[in-house]
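Reviewing the structure listed below.
The values are calculated or read from the model by the stated rules, or taken from the named source; none is laboratory data. On a predicted model such as this, the values are computed, not experimentally measured, just so you know. Cβ sites come from the backbone with ideal geometry, for glycine too, and all protein chains shown count toward neighbours. All accessible areas refer to the heavy atoms of the entire protein, side chains included, with ligands and DNA or RNA removed. Shrake-Rupley method; radii C 1.70, N 1.55, O 1.52, S 1.80 Å.
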Amino acid sequence: ALAASRSGAVGLCLLLLPPVLLLFLPGLTAGPAGMLQPRDTPSRERRELGGLWSFRTDLSPGRDAGFAQRWYRRPLRQTGPVIDMPVPASFNDITQDRSLENYIGWVWYEKEVLLPLRWLQGDPAPRVVLRFGSAHYYSIVWVNGVQVVEHEGGHLPFEADISSVVQGSPDTLCRITVALNNTLSPHTLPPGSIQYMADKSRYPKNYFVQDIRFDFFNYAGIHRPVVLYTTPAAYIDDITVTTTSSDSVAMVQYQVSVVGSTASSLSLSLRDQEGKVVAAGDGPVGELKVLNPNLWWPYLMHENPGYLYSLEVKMQAQVGGVLLEDVYTLPVGIRTVHVTSTQFLINGRPFYFHGVNKHEDADIRGKGLDWPLIVKDFNLLRWLGANSFRTSHYPYAEEIMDLCDAYGIVVIDESPGVGIKLPESFGNQSLQHHLAVMEELVRRDKNRPSVVMWSVANEPASELPPAAHYFKTVIAHTKALDPSRPVTFVTDANYALDRGAPYVDVICVNSYLSWYHDPGHLEVIPLQLTAQFENWYKTYQKPIIQSEYGADSVPGLHSDPPMMFSEEYQQAMLREYHAVFDKKRKEYVIGELIWNFADFMTNQGTTRVLGNKKGIFTRQRQPKAAAFLLRDRYWKIANESSCLPPVITSHSLFP
């Protein structure tokens, strides 16, 4: 396969994997049934492992020296030169090394930590779990030289029970080693391909590049927190919650799974924000009745948005003659979602998406989780009057989703299915992986009130014949996993050719009229955008969201009359789109999401000057002129649709 690649064919699915590792690819280590977010409780402890890790790249010709020499068997510093690497962060922009910025292949991370003795002793001893919020893209993890887990996918958590490894060690040292590969193939999510340049007169020996079909930089690294946490030997493994409500009563349906004991008792208490118990129950399956509930409302739709109850679950079990207790508290929002042919209803009231598309992207840290940036972004969202965003084009960090729940920001939760363009990316291998990714995503975010819809893909080649079976299968699988939410994917295909659209609940369409199409001709927008909406609705009779639209603007570049790339052109394009939105939202258009919230990094190219400039904020989160235009619009829409008396203003709710 390698020889074929060097002759110009597409590379292996993971760049130069050692043969022994190829055996692991078809059946990855299965994750646990549950993926509860680690929390400190009376029975659980957690310890974040952020900070500096040891790091080195594998620069061998086959990128396989780390496996051949078994770097995981000893401290990484003993294998060769290492550098300090912050976690969480992308590794690409941390150094001055240009080769690291665009490095493709295996990199190695290591962290040595001392574990508390109480984690290693007892009869029975506690369960010790190592969890990664995400690492892009393919990860293999060892603890003290013992492989504990491997995972494919760069945007969702994975974990391993490491109790037997650390509790069998003669000391409390825990050495965590991670081999991470960022290579993308036609069967990964997102897809890509390795292109080897065989012309030796133009390229060095063994020269290759990573080809991608999406417009953001393929940052890599350990992007989200790494956590060690404990549970009792018998523990609460998973909780599933759904809610229904009327004006005066709500029902909270629950299902709890327990691991480690066949004989256990469960009790549940639902508390309001003042700590008062408003409902209680017992057993693994049941429902709680809440009188006069405080519903979870979106931002700007209620004077108290994002209301969360706390569901405390207690388990008691006998293990080896010892009574064990586990406690887990889950935030719960009571809300309903319903879609008609013309409306999107939250708690029975029409909801209009006026929001943004985003990226996890910033200077230096790349896609690494950064709390100051997260809080700044939410402050800007609320200043803007945005009530929603799509997690374009991959699931975002749990910490971001927590704030969406708490602030009432509505989320379209999108899988990393972006850039599905090649025919081979619609085959069974890709399909099975896509189904597994949707299982991981639903498992992680199923209990979040902010998540009102799943998006399985962005701008796939849905006009290709195999797309019909592919998206019918993925959407049906997602609905089976979670019947309580609508499912969509985001299309840029022609309405008459799209083979996946028949299976979605909401039409989400991207268009860049007067930008990628008829560039510079703002006058074509009213006719073309009106036709776009009417054609889609006439064909499918489903509500429509304009899921992307926008124009690049270079901050400080001005032109009157407006010309492309000026701030004035970005404003003018938005006004043309908005005029059509205002007509069609009286009928069946249920939302508008600007592309993009902020400028972001992309691969280098002749149309990209240090990234994509379609943000209404710069990459450093400073507003362009379009931000003020959109702010005026969003607050006006909020005033029109709000149930708040008196009329709300941006200053009254968000000074």
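Might you check whether a residue that is open to solvent by 10 Å² or more (accessible area, probe 1.4 Å) and under 25 Å from ARG485 (Cα atoms) occurs anywhere in the stretch 211-220? There is no residue in the stretch 211-220 that is open to solvent by 10 Å² or more (accessible area, probe 1.4 Å) and under 25 Å from ARG485 (Cα atoms).
It is to be established whether one or more residues within the stretch 448-464 are of a type in the set (D, E, K, R), at pLDDT 95 or above and over 23 Å from THR244 (Cα atoms). The answer is yes, given that some residue of the stretch 448-464 is of a type in the set (D, E, K, R), at pLDDT 95 or above and over 23 Å from THR244 (Cα atoms). Within the stretch 76-95, residues that are open to solvent by 20 Å² or more (accessible area, probe 1.4 Å) reach partners that are part of a helix (DSSP H, G or I) and charged (D, E, K, R) with beta carbons closer than 9 Å, at six or more positions or on different chains, in the pairs ASP93/GLU101; THR95/GLU101. Just to be sure before I move on: is PHE55 buried (at least 19 other Cβ atoms within 10 Å of the Cβ) and more than 25 Å from HIS433 (Cβ to Cβ) in the structure I sent? Answer is yes for this residue.
Of the helices (runs of 4 or more DSSP H) lying entirely inside the stretch 562-655, those containing at least 2 residues that are at pLDDT 95 or above are 567-584, 625-641.
Among residues of the stretch 585-596 being more than 17 Å from LEU513 (Cα to Cα) and out of contact with any His (no Cβ under 8 Å at 6 or more places or on another chain), the one that is most open to solvent (accessible area, probe 1.4 Å) is LYS586. Counting just the residues of the stretch 118-177 that are under 22 Å from ILE104 (Cα atoms) and charged (D, E, K, R), which one comes out surrounded by the most Cβ atoms within 10 Å (Cβ to Cβ)? Within the stretch 118-177, the match that is surrounded by the most Cβ atoms within 10 Å (Cβ to Cβ) is GLU152. Could you please let me know if GLY419 is touching a Gly at 6+ places or on another chain (Cβ under 6 Å) and at positive phi? In short, no. Condition first: open to solvent by 10 Å² or more (accessible area, probe 1.4 Å), in contact with a strand residue (DSSP E or B) (Cβ under 7 Å, 6 or more places away or on another chain) and part of a loop (DSSP other than H, G, I, E, B). Can you find one or more residues in the stretch 423-446 that meet it? Yes, the stretch 423-446 contains at least one residue that is open to solvent by 10 Å² or more (accessible area, probe 1.4 Å), in contact with a strand residue (DSSP E or B) (Cβ under 7 Å, 6 or more places away or on another chain) and part of a loop (DSSP other than H, G, I, E, B).
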